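Reading through the structure tokens given below for one structure.
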Amino acid sequence: GIEILYGSRGNDFVLYDYVGVAELEPFKVFGAVSTVAEILYQYPEGMLREAWDVGYEGLRIYLCGSIYGVYSGGLDMAGGLTTQVDNYIVVAVDINNPIESVLPHEMSHVFDYRINSLWEMDWMAVWESIHPFSDAYINSYDDYYVDAKYTPAGESNPSKVWFVDSYGRTFPTEDRAKIMEVLFSSGETPDPRLEYPHILEKARLYCYILRQCFPSCNGEEAPFWERFLGVIDESVLP
């Protein structure tokens, strides 16, 4: 159910009014395909199928060059995009950006399709309730970078840091995606951004939501991204 399109087919899309440029340099494309395979291998067996098997026919990942916005009201350029087209969930990634962070970011958006489709619990409301203030999200991509409130760049007190960066404050979906970037970027030691107590708190809550929505995340071995987070159970709920 997963297709990876690259080279001359890597930009066969129009998503959110964004278009991509084909990347044809063979060594760059080969490296990107290999990196994508390594990243996808980190997800529990069956999780990717669970992500699209809620009314969609599959997942398509396009590996291209630069991605440009063609209309006002959005980003001029994007490192990656996720949406649904023709009953497929579609991801496009600019392979000139660090795929190691861009693809986990976009896969978080893919997971949102399943999270939003399960009505036993309003997990989006649970997510937003963790913030003790009403202005958590800007709800716009316009000039998001000028407001560093609640981020490491804008706060000297670690207890006031709730977001990885200003982009994470645009929308709840971007907040979770930025946190997944952090969880994937941890190597042999935790990413330094997990030292902020509220970012760690939100990372643990996100992992709990994934466990509740994806049966594959509850196997004998904990998912890759939980390796520095301790026990994930009801205690993480706000």
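The values are calculated or read from the model by the stated rules, or taken from the named source; none is laboratory data. Because the structure is predicted, anything quoted here is derived from the model rather than measured. Cβ placement follows ideal geometry from the backbone for every residue including glycine, while neighbour counts extend to all protein chains displayed. Heads up: the accessible areas ignore ligands, DNA and RNA and are worked out on the full protein's heavy atoms, side chains in. Shrake-Rupley method; radii C 1.70, N 1.55, O 1.52, S 1.80 Å.
Numbers below:
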| item | result |
| --- | --- |
| Within the range 148-169, tally of residues that are out of contact with any His (no Cβ under 9 Å at 6 or more places or on another chain), in contact (Cβ under 8 Å) with a residue 24 or more places away in the chain and buried (at least 23 other Cβ atoms within 10 Å of the Cβ) | 2 |
| Any hit, the range 120-128, residues being surrounded by 12 or more Cβ atoms within 10 Å (Cβ to Cβ), over 30 Å from GLY1 (Cα atoms) and in contact (Cβ under 8 Å) with a residue 60 or more places away in the chain | yes |
| The range 33-49 residues that are closer than 14 Å to VAL102 by Cα, paired with ones that are in a helix (DSSP H, G or I) and among the hydrophobic types (A, V, I, L, M, F, W, C) (beta carbon under 7 Å, 6 or more apart) | THR35/ILE99; VAL36/ILE99; VAL36/LEU103; ILE39/LEU103; LEU40/LEU48 |
| Qualifying residue in the range 58-67 (condition: modelled with pLDDT under 95, open to solvent by 40 Å² or more (accessible area, probe 1.4 Å) and more than 23 Å from SER186 (Cα to Cα)) | no |
| Residue match in the range 169-184 (condition: modelled with pLDDT of 95 or more and more than 18 Å from the chain's Cα centre (by Cα)) | no |
| Residue within the range 143-162 that is part of a loop (DSSP other than H, G, I, E, B) and under 29 Å from LEU59 (Cβ atoms) present | no |
| Residue match in the range 47-66 (condition: out of contact with any Gly (no Cβ under 9 Å at 6 or more places or on another chain) and among the small types (Gly, Ala, Ser)) | yes |
| Enumeration of residues in the range 103-119 that are free of Cβ contacts under 8 Å to residues at least 12 places away in the same chain and buried (at least 19 other Cβ atoms within 10 Å of the Cβ) | none |
| Qualifying residue in the range 10-27 (condition: open to solvent by less than 10 Å² (accessible area, probe 1.4 Å), in contact with a helix residue (DSSP H, G or I) (Cβ under 6 Å, 6 or more places away or on another chain) and either more than 23 Å from ARG176 (Cα to Cα) or of a type outside the set (D, E, K, R) (or both)) | no |
| Criterion violated by ASP94 - all others in (1) at positive phi; (2) within 17 Å of the chain's Cα centre (by Cα); (3) not hydrophobic (A, V, I, L, M, F, W, C) satisfied | (1) |
| Residue in the range 67-78 that is among the hydroxyl-bearing types (Ser, Thr, Tyr), closer than 19 Å to SER117 by Cβ and touching an Asp or Glu at 6+ places or on another chain (Cβ under 6 Å) present | no |
| Close pairs (6 angstrom Cβ cut-off, 6 or more residues apart or separate chains): in a helix (DSSP H, G or I) in the range 204-217, open to solvent by 10 Å² or more (accessible area, probe 1.4 Å) and modelled with pLDDT under 95 anywhere | ILE209/TRP123; CYS213/LEU118 |
| Tally, over the range 36-57, of residues that are surrounded by 14 or more Cβ atoms within 10 Å (Cβ to Cβ) and closer than 12 Å to ILE4 by Cα | 2 |
| Residue check for ASP86: over 24 Å from THR170 (Cβ atoms) and open to solvent by 20 Å² or more (accessible area, probe 1.4 Å) | yes |
